[in-house]
Amino acid sequence: MNIPTPELTILDAVRFTAEAWDLVKPSTITSCWSKTGIISPYQSYNIDSILDIPSDNDDENNEDIIQHLIERIDPESTLTADEYINIDSTLQIEDRLSDDEIIALVNGEQVEEECSNSQV
């Protein structure tokens, strides 16, 4: 068959993925997690109880919650919540695109060869 296929972009893929994810019912996700044994089929499905997050969670202790989750994932980790939150500021990336260059690329416009070193 010689059927032409449309050219797809990353944006198309993101939209397809988002649309597909919206069709997944919460009960399907719960059932899958239960069948894997990650969570008990008899357990309450409140996410805070699954992750064992303290019930007094509010915006002021988000860093404490993140630290708690880091320790649950890897008890021997030396990563702190503050380091996790600010990880992007420690990355050294050359040739970053400016906001205008990103917008131009998304719109399919030509961008100059050299990228600016401005922060995104």
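Here the spin labels are modelled as points 7 Å beyond Cα on the Cα-Cβ line, and at Ser89 and Asp64 they lie 2.3 nm apart.
FRET efficiency for the Ile29 to Asn2 pair, using the beta carbon distance and R₀ = 30 Å, is estimated at 0.15.
The numbers here are math on the coordinates, done by the rules we state, and not lab data. For clarity, every value in this text was computed on a predicted model and none was experimentally measured. Cβ coordinates were reconstructed from backbone atoms using ideal geometry, including for glycine residues, and neighbour counts include every protein chain displayed.
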